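Throughout, read-outs are computed from the coordinates displayed, never taken from laboratory work. Quick caveat, the model's predicted, so the values are computed rather than measured. Positions of Cβ are generated from backbone atoms using ideal geometry, with glycine treated the same way; all protein chains shown enter the neighbour counts.
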Amino acid sequence: MSKLGLMLTGVIYFSVATVSILMFGTEIESSVLLNIGQESQDNSLPKGSTKFWEAYIVQISFMIVIACHIPFIFFSGKEGLCILIDELDRKSISSALWHKLQANTQFAEESKEELPPNPELPCPGESDVSQRFETLTKPGDSNGNKAGAMEPNMTP
């Protein structure tokens, strides 16, 4: 399959070079697009001669190629902007990372008195925040503590 692709690429390059030399002669620039742009704007042609219609076809083709590439070029920027807005508004990524870091014993010990960045968001694996509040209100051990109870000044 890669040999077919290489052969097709070679044929396209050779065809573009041949057609460019036949259309523009020895006055060809290093970039074919410069010749095509000059040809479509050239008003010095003798009266009665027509401009190359191929120049318009190539220009339209390049407009289509550029229009198809724009969404892919701006996708990463748009994604980054949406993440930034979401982080400023809801802190969802910070909360998810905080919950993931709770698996680390040292981090869990250091942050046991802290709430996640956004306690209203469900933990990874939860379908709803109410599941967490149900576990906080279940009867706990024999000392009278509730399972998973927080300090009085730490409300979710």
For the stretch 98-111, take each phi angle, set θ = phi - 60°, evaluate the Karplus expression 6.51 cos²θ - 1.76 cosθ + 1.60, and give the result in whole Hz per residue in order, putting x for glycine and proline.
4, 5, 5, 6, 5, 5, 7, 4, 5, 5, 4, 5, 5, 10
In whole Hz, with x marking every Gly and Pro, tabulate ³J(HN,Hα) for the stretch 88-96 from phi via Karplus 6.51 cos²θ - 1.76 cosθ + 1.60, θ = phi - 60°.
5, 7, 10, 6, 5, 5, 4, 5, 4
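What order, most packed first, do the peptides 90-103, 60-73, 17-30 have when packing is the mean number of other Cβ atoms within 10 Å of each residue? List each step's numbers first, then the result.
On the way: 90-103: 15.0, 60-73: 9.6, 17-30: 11.1.
Packing proxy ranking, top to bottom: 90-103, 17-30, 60-73.
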